[in-house]
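Peer 1: Quick one: the structure is below, and I'll ask about it shortly.
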Amino acid sequence: MYEVFEHTADLGLRVRANSLEGLLAEAGRGLFSLIVTNLEQVKSVQERLIRIEGGEPEYLLFDWLNELLYTFDVEGLLFCEFSLQLDATGLTAMCRGEAMQLDRHGMDHEVKAITYHGLKVQQASSSCDGHDRWLAEVIVDI
Amino acid sequence: MAKQSFHGPLQRVNDCCWRIPKSYKPGMRVDGLIYASEQMIEQIKGDQAPEQVANVAFLPGIQHASLAMPDIHWGYGFCIGGVCATDPDEGGVISPGGVGYDINCGVRLVTSNLSYQDVKPHLAELVDQLFRHVPTGVGRGGKYKFNKQELRQLMQQGPAYLQDRGLTTAEDLEHTEGRGCLDGAISDFVSDRAIERGSGQCGTLGSGNHFLEVQVVDAIFDEVAAAAMGLQKDMVCVMIHSGSRGLGYQVCDDALKQLRGVPERYGIELPDRQLACAPINSPEGERYLGAMCAAANYAWCNRQLLMAQARDVFAQVFGRSWHELQMNLIYDVAHNIAKLEMHQIGGRDRRVWVHRKGATRAFPPHHVELPEAYQSIGQPVLIPGDMGRASWVLAGQVGSMEQTFGTACHGAGRRMSRTQAVKQAKGRRIDQELAARGVIARARSWKGLAEEQPDAYKDVNTVVDVVHRANLASKVARMRPIGVIKG
């Protein structure tokens, strides 16, 4: 799940999931939920494979969101579904979605950039259902 | 990082200035100084902005103090409203976070010979036509196309490049900060990704707090300065607020990526990763500076092309050319930038890199960089307020050179977070509320309008008061908005 948290000038995104893969996928959806009003209207009609190199979870999250933002900015592609796989050297993601249509998707924000300010990815092993719980926070520039 | 109040020390220096002593945190090299009134300082303590002022004081080579203007609010890395000067000869650094993602975000103001009475009957049509013809928001490309090679030239030259296409005049250049061109631009340092993001966006407004406003001069405070700028009461003006679009964001992003691990390599300890920096005299520093200057020049072209489109729309609506309508550029200022400037520090002239993150240059009368028209009055300092109340024109004063490296505020500054503003706007039609106040607003996004509603901002008049009383810049004219287009 993801939620927006308060930041004076910009917007904060807080994401929780049971795995790092899940966390990254959820963060991707969270990012697009800031860009468009009706994320549920985005259909999975186009596919795009994205590869991110790196192992450190915070930089991985940062680079991943950054790549999604870049793809959106240059090609206008909105993604709503992600199949992610982590390996020893990085992340491979099959992203599904479609090109933005203003009338159907509605515009919420132009996200200028992902920032490093307050960026965190944490793993806590104390969740009651016995699973590792992952938490991420990231502030995006509006 | 949730919103937290600041509990550190804030000592009163005088009724416009407050100090965070460098003893507050080990690692601070200089004090922090925040320009604000007693009333404002309580609100300023409400988030992490003062902590960010203290954090900037860690940067190597910082001179005098880590400064903040009265429109200070919580940003990322630097606070918004932050100013910091670093000396390359003392190991000074350049920090992309001290410029921001939107490199050379800035403001320009254009006159006309139309009065409010002339425009009022055509206002709705005018705003609709502006909204139709000036690209705003996400996913709308501009009408001006530049290939990769042209873009690289444009980034080397700034708006002078547009002269051949008839989109810039000599007077426009004269009335743009630094003639719209930073000398150190090296467009080859701008990545292909940045060029890809920026190629279709030159001449587009963007979103967030960017806007194009039709305004009316409703009060003159300095007749001489106003006359020199061509401003008079009841005159209709156009104010444009935008920056370097996706190109600038990508340049900042590329730099921050290249700077991963670099501060550690140079033995620089930082309290926030977003303050990543490199010595000015280092390959990493030089690379960012070359690309940053190129992006700044692109931003000046962006605002030039936005102005060209606004001039065209006025000409079409009022049936006269923009020359006949006397739509002259008063000035264009950058408020997210780093510039190499000469300042007197410790009794001698030194060349320092002045980072202005949400702060406006405010050079005083007789400064060598000012155009002839403003030599006797000081640099026009353009301060957009919120879309319901007012915007200001000030003139730079000598106090800015003595206290703030020739700098004043850049806007009203946010009072509410975006989420708070949206919550407060629930069930309301901000556009209709504005219409009741005599402002026609057009925006692509309800949320965008809600986040930018007048109540989300501090009262710009109180911000300007502090700047005026501190003698950083003096009041010249106040404008009220009558038409707004946004993303």
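The values are calculated or read from the model by the stated rules, or taken from the named source; none is laboratory data. Treat the numbers as computed from the prediction; the structure is a model and nothing was measured. Note: ideal-geometry Cβ built from the backbone for every residue, glycine included; neighbour counts use all protein chains shown.
Peer 1: Which one is farthest from B:Glu213 (Cα to Cα) among residues in the range B:101-118 that are surrounded by fewer than 21 Cβ atoms within 10 Å (Cβ to Cβ) and of a type outside the set (S, T, N, Q)?
Peer 2: Among those residues, the one meeting the criterion is B:Asp118.
Peer 1: What are the residues in the range B:113-136 that are touching a Phe, Trp or Tyr at 6+ places or on another chain (Cβ under 8 Å) and in a loop (DSSP other than H, G, I, E, B), if any?
Peer 2: Matches in the range B:113-136: B:Leu114 only.
Peer 1: Scan the range B:451-474 and give yes if some residue there is under 25 Å from B:Val138 (Cα atoms), within 14 Å of chain A (Cβ to nearest Cβ) and in a strand (DSSP E or B), otherwise no.
Peer 2: Yes; the residues of the range B:451-474 include at least one that is under 25 Å from B:Val138 (Cα atoms), within 14 Å of chain A (Cβ to nearest Cβ) and in a strand (DSSP E or B).
Peer 1: Just give me the residues in the range B:227-254 being of a type in the set (S, T, N, Q) and over 20 Å from the mean Cα position of the chain (by Cα), in sequence order.
Peer 2: Residue satisfying the conditions is B:Gln232 alone.
Peer 1: Another question, then. Name the residue that is farthest from the other protein chains (Cβ to nearest Cβ), counting only residues in the range B:7-49 that are of a type in the set (Ser, Thr, Tyr) and not in a loop (DSSP other than H, G, I, E, B).
Peer 2: B:Ser23
Peer 1: For the range A:69-113, name all the residues that are at pLDDT 95 or above, in contact with a Phe, Trp or Tyr (Cβ under 7 Å, 6 or more places away or on another chain) and within 13 Å of chain B (Cβ to nearest Cβ).
Peer 2: A:Leu78
Peer 1: Now, a different point. Can you go through B:Gln4, B:Gln52 and tell me which one is out of contact with any Lys or Arg (no Cβ under 9 Å at 6 or more places or on another chain), closer than 27 Å to A:Gln122 by Cα and assigned to a loop (DSSP other than H, G, I, E, B)?
Peer 2: Only one candidate passes the filter, namely B:Gln4.
Peer 1: So for the range B:461-468 (the condition being at pLDDT below 95 and either over 19 Å from the mean Cα position of the chain (by Cα) or over 19 Å from B:Gln424 (Cα atoms) (or both)), does at least one residue qualify?
Peer 2: So far as the range B:461-468 goes, no, none of its residues is at pLDDT below 95 and either over 19 Å from the mean Cα position of the chain (by Cα) or over 19 Å from B:Gln424 (Cα atoms) (or both).
Peer 1: Right, next: In the range B:202-214, which residues are more than 9 Å from every other protein chain (Cβ to nearest Cβ) and in a loop (DSSP other than H, G, I, E, B)? Let's see the steps before the verdict.
Peer 2: Looking only at the range B:202-214, we keep the residues that are more than 9 Å from every other protein chain (Cβ to nearest Cβ), and these are B:202-205, B:211-214.
Across the range B:202-214, the qualifying residues are B:Cys202, B:Gly203, B:Thr204, B:Leu205.
Peer 1: From the list B:Gln63, B:Gln52, B:Gln43, B:Gln48, which residue is polar (S, T, N, Q), within 24 Å of A:Leu11 (Cβ to Cβ) and modelled with pLDDT of 95 or more?
Peer 2: On the way: B:Gln63 fails: within 24 Å of A:Leu11 (Cβ to Cβ); B:Gln43 fails: modelled with pLDDT of 95 or more; B:Gln48 fails: modelled with pLDDT of 95 or more.
Going through B:Gln63, B:Gln52, B:Gln43, B:Gln48 in turn, the sole match is B:Gln52.
Peer 1: Does at least one position in the range B:62-76 carry a residue that is away from every other protein chain (no Cβ under 14 Å), surrounded by fewer than 23 Cβ atoms within 10 Å (Cβ to Cβ), on the phi > 0 side of the Ramachandran plot and out of contact with any helix residue (DSSP H, G or I) (no Cβ under 8 Å at 6 or more places or on another chain)?
Peer 2: Yes, the conditions are met somewhere in the range B:62-76.
Peer 1: Those residues that are among the small types (Gly, Ala, Ser), within 18 Å of the chain's Cα centre (by Cα) and within 14 Å of chain A (Cβ to nearest Cβ), I need them from the range B:405-431; list them, please.
Peer 2: B:Gly411, B:Ala412, B:Gly413 - these are the residues of the range B:405-431 that are among the small types (Gly, Ala, Ser), within 18 Å of the chain's Cα centre (by Cα) and within 14 Å of chain A (Cβ to nearest Cβ).
Peer 1: Counting only residues that are without any contact (Cβ under 8 Å) to a residue 40 or more places away in the chain and surrounded by 15 or more Cβ atoms within 10 Å (Cβ to Cβ), how many does the range A:82-100 have?
Peer 2: Total meeting the criteria: 1.
Peer 1: Still on this structure: Identify the single condition in (1) assigned to a loop (DSSP other than H, G, I, E, B); (2) in contact (Cβ under 8 Å) with a residue 60 or more places away in the chain; (3) surrounded by fewer than 24 Cβ atoms within 10 Å (Cβ to Cβ) that B:Gln232 does not satisfy, given that it satisfies every other one.
Peer 2: The number of the failed condition is (2).
Peer 1: Take the residues in the range B:260-271 that are over 18 Å from B:Thr86 (Cα atoms) and assigned to a loop (DSSP other than H, G, I, E, B); name whichever of them is nearest to the chain's Cα centre (by Cα).
Peer 2: B:Arg260
Peer 1: Can B:Cys105 be described as within 30 Å of B:Met327 (Cβ to Cβ) and within 14 Å of another protein chain (Cβ to nearest Cβ)?
Peer 2: Yes.
Peer 1: Oh, and also: Kindly indicate whether B:Ala124 is closer than 22 Å to B:Lys486 by Cα, in contact with a strand residue (DSSP E or B) (Cβ under 9 Å, 6 or more places away or on another chain) and of a type in the set (A, V, I, L, M, F, W, C).
Peer 2: Here the answer is yes, as B:Ala124 does meet what is asked.
Peer 1: I'd like to check something: does the range B:127-148 contain any residue that is β-branched (Val, Ile, Thr), crowded, with 19+ Cβ neighbours inside 10 Å and more than 30 Å from A:Ile35 (Cα to Cα)?
Peer 2: No - not one qualifying residue is present in the range B:127-148.
Peer 1: Going through the range A:4-21 one residue at a time, which ones are touching a helix residue (DSSP H, G or I) at 6+ places or on another chain (Cβ under 8 Å), of a type outside the set (A, V, I, L, M, F, W, C) and closer than 17 Å to A:Val36 by Cα?
Peer 2: If the condition is that a residue be touching a helix residue (DSSP H, G or I) at 6+ places or on another chain (Cβ under 8 Å), of a type outside the set (A, V, I, L, M, F, W, C) and closer than 17 Å to A:Val36 by Cα, then A:Asp10 is the only one that fits.
Peer 1: If you go through the range B:137-173 one residue at a time, how many are of a type in the set (S, T, N, Q), outside any loop (DSSP other than H, G, I, E, B) and more than 21 Å from B:Ala291 (Cα to Cα)?
Peer 2: Result for the range B:137-173: 1.
Peer 1: Residue pairs, Cβ under 6 Å, 6 or more apart or interchain, first in the range B:182-211 and free of Cβ contacts under 8 Å to residues at least 12 places away in the same chain, second assigned to a loop (DSSP other than H, G, I, E, B). List them.
Peer 2: Cβ pairs passing all conditions: none.
Peer 1: Look through the range B:246-259, keep the residues that are part of a helix (DSSP H, G or I) and more than 9 Å from every other protein chain (Cβ to nearest Cβ), and return whichever of them is farthest from B:Phe211 (Cα to Cα).
Peer 2: B:Gln258
Peer 1: I'm trying to understand the selection: among the residues of the range A:1-13, which are hydrophobic (A, V, I, L, M, F, W, C), facing another protein chain (nearest Cβ under 7 Å) and more than 17 Å from A:Asn66 (Cα to Cα)?
Peer 2: A:Val4, A:Phe5, A:Ala9, listed by residue number.
Peer 1: To continue, here is another question. Here is a check on your reading of the model: is B:Leu434 in a helix (DSSP H, G or I), more than 14 Å from chain A (Cβ to nearest Cβ), in contact with a strand residue (DSSP E or B) (Cβ under 7 Å, 6 or more places away or on another chain) and not aromatic (Phe, Trp, Tyr)?
Peer 2: Considered against the rule, which asks whether it is in a helix (DSSP H, G or I), more than 14 Å from chain A (Cβ to nearest Cβ), in contact with a strand residue (DSSP E or B) (Cβ under 7 Å, 6 or more places away or on another chain) and not aromatic (Phe, Trp, Tyr), B:Leu434 comes out as yes.
Peer 1: Can you confirm whether the range A:52-60 contains a residue that is buried (at least 17 other Cβ atoms within 10 Å of the Cβ) and either β-branched (Val, Ile, Thr) or closer than 28 Å to B:Leu205 by Cβ (or both)?
Peer 2: Yes, that holds for at least one residue.
Peer 1: Can you tell me which residue is farthest from the other protein chains (Cβ to nearest Cβ) among those in the range A:14-46 that are closer than 23 Å to A:Ala99 by Cβ and assigned to a strand (DSSP E or B)? Outline the logic, then answer.
Peer 2: Restricting attention to the range A:14-46, the residues satisfying the condition of being closer than 23 Å to A:Ala99 by Cβ are A:24-46.
If we keep only those that are assigned to a strand (DSSP E or B) as well, we get A:36, A:46.
On the way: A:Val36: 9, A:Gln46: 16 Å.
Across the range A:14-46, the extreme among qualifying residues is A:Gln46.
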